[in-house]
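The values are calculated or read from the model by the stated rules, or taken from the named source; none is laboratory data. On a predicted model such as this, the values are computed, not experimentally measured, just so you know. Reconstructed Cβ throughout: ideal geometry from the backbone, glycine too, with neighbour counts over all protein chains shown.
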Amino acid sequence: MAGRRLTGPADTYAGYRARLVETLRAQGIRDLAVLKAFAETPRHLFVPEAVRHRAYEDTALPIGKGQTISQPFTQARYLEALRLRGKERVLEIGTGSGYQTALLGALAGQVFSVERVEALARAAQRALREAGATNVSVLLGDGTLGWSGYAPYDAILVAAGGPTVPPPLAEQLAPGGRLLIPLGERGAQTLTLVERSGAELRHTPLGDARFVPLLGEHGFDA
């Protein structure tokens, strides 16, 4: 069951979220579950107070430690490509602000997220609790190693660009599972959908992407 959303009479941001949803729809996002997740997930809880007034703009925003919360349209593309139906076990690499983690929680059964920066992991955990996301867990660690204790995963989402698919992530992908990752050099990647069919991994390019580098044992050097 998806995590509870923070909505109700005291929610003064509902109108802003509704406008964001219309922006996403106008840009071609069609998955109704994805649009509903954006309509119900409080992005303002996942950004610093100084930029909270811009929380529902379709733009990336700084969250500290040299990181950003991604543009909502980019996240919506990711989520739509994963084709989640509500019961999946999902691994997220790169918790960041925790906003995408919360969106995944609205779309899947269980979400396990790995973040390498301690300050971000702690802030994300606080925001996720405040947002009422009860089906998500955050681990501080090297995301390129995955989270083997809860594998296999029906879907894996990598929120950073790497040179290749980290072998541990491929190993933790369930039969029929889908892994979404930007692949390529630092600063310029191709968003790639990797699907497991038996022992084979099928790669499908989905378009250009520009993400922070995936750091770790099976990624880029820091």
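Determine whether region 180-191 contains at least one residue that is free of Cβ contacts under 8 Å to residues at least 12 places away in the same chain and farther than 14 Å from LEU215 by Cβ. Scanning region 180-191 turns up no residue that is free of Cβ contacts under 8 Å to residues at least 12 places away in the same chain and farther than 14 Å from LEU215 by Cβ. For region 113-137, a tally of residues being out of contact with any helix residue (DSSP H, G or I) (no Cβ under 7 Å at 6 or more places or on another chain) and in a loop (DSSP other than H, G, I, E, B) returns 3.
Selection within region 101-112: residues that are outside any strand (DSSP E or B) and either out of contact with any Gly (no Cβ under 8 Å at 6 or more places or on another chain) or free of Cβ contacts under 8 Å to residues at least 24 places away in the same chain (or both). The member of this set that is surrounded by the fewest Cβ atoms within 10 Å (Cβ to Cβ) is LEU103. Looking at region 67-78, can you tell me whether even one residue there is among the aromatic types (Phe, Trp, Tyr) and modelled with pLDDT under 95? Yes, some residue in region 67-78 is among the aromatic types (Phe, Trp, Tyr) and modelled with pLDDT under 95. Scanning region 48-100 for residues that are in a strand (DSSP E or B) and among the aliphatic types (A, V, I, L, M) yields LEU61, ILE63, ILE69, VAL90, LEU91, ILE93. Of the residues screened, GLU22 is one that is surrounded by fewer than 17 Cβ atoms within 10 Å (Cβ to Cβ) and of a type in the set (Asp, Glu). The residues of region 168-194 that are of a type in the set (D, E, K, R) and in contact with a Leu (Cβ under 7 Å, 6 or more places away or on another chain) amount to a single one, ARG178.
Residues in region 17-35 that are assigned to a helix (DSSP H, G or I) and acidic (Asp, Glu): GLU22 only.
Among the residues of region 2-19, those identified as over 17 Å from the mean Cα position of the chain (by Cα), surrounded by 10 or more Cβ atoms within 10 Å (Cβ to Cβ), modelled with pLDDT under 55 and not polar (S, T, N, Q) are ARG4, LEU6. Might you check whether a residue that is crowded, with 21+ Cβ neighbours inside 10 Å and either assigned to a helix (DSSP H, G or I) or among the β-branched types (Val, Ile, Thr) (or both) occurs anywhere in region 145-152? No, region 145-152 has no match at all.
Scanning region 44-83 for residues that are without any contact (Cβ under 8 Å) to a residue 60 or more places away in the chain, more than 18 Å from LEU128 (Cβ to Cβ) and buried (at least 20 other Cβ atoms within 10 Å of the Cβ) yields a total of 2.
When restricted to residues that are closer than 21 Å to PRO166 by Cβ and out of contact with any Leu (no Cβ under 8 Å at 6 or more places or on another chain), region 89-109 contains 1. Of all residues in region 184-210, exactly one satisfies the criterion of being in a loop (DSSP other than H, G, I, E, B), of a type in the set (Gly, Ala, Ser) and surrounded by 10 or more Cβ atoms within 10 Å (Cβ to Cβ), namely GLY187. So which residues in region 25-43 are surrounded by fewer than 19 Cβ atoms within 10 Å (Cβ to Cβ), under 22 Å from GLU130 (Cβ atoms) and not small (Gly, Ala, Ser), if there are any at all? Passing the criteria: only LYS36.
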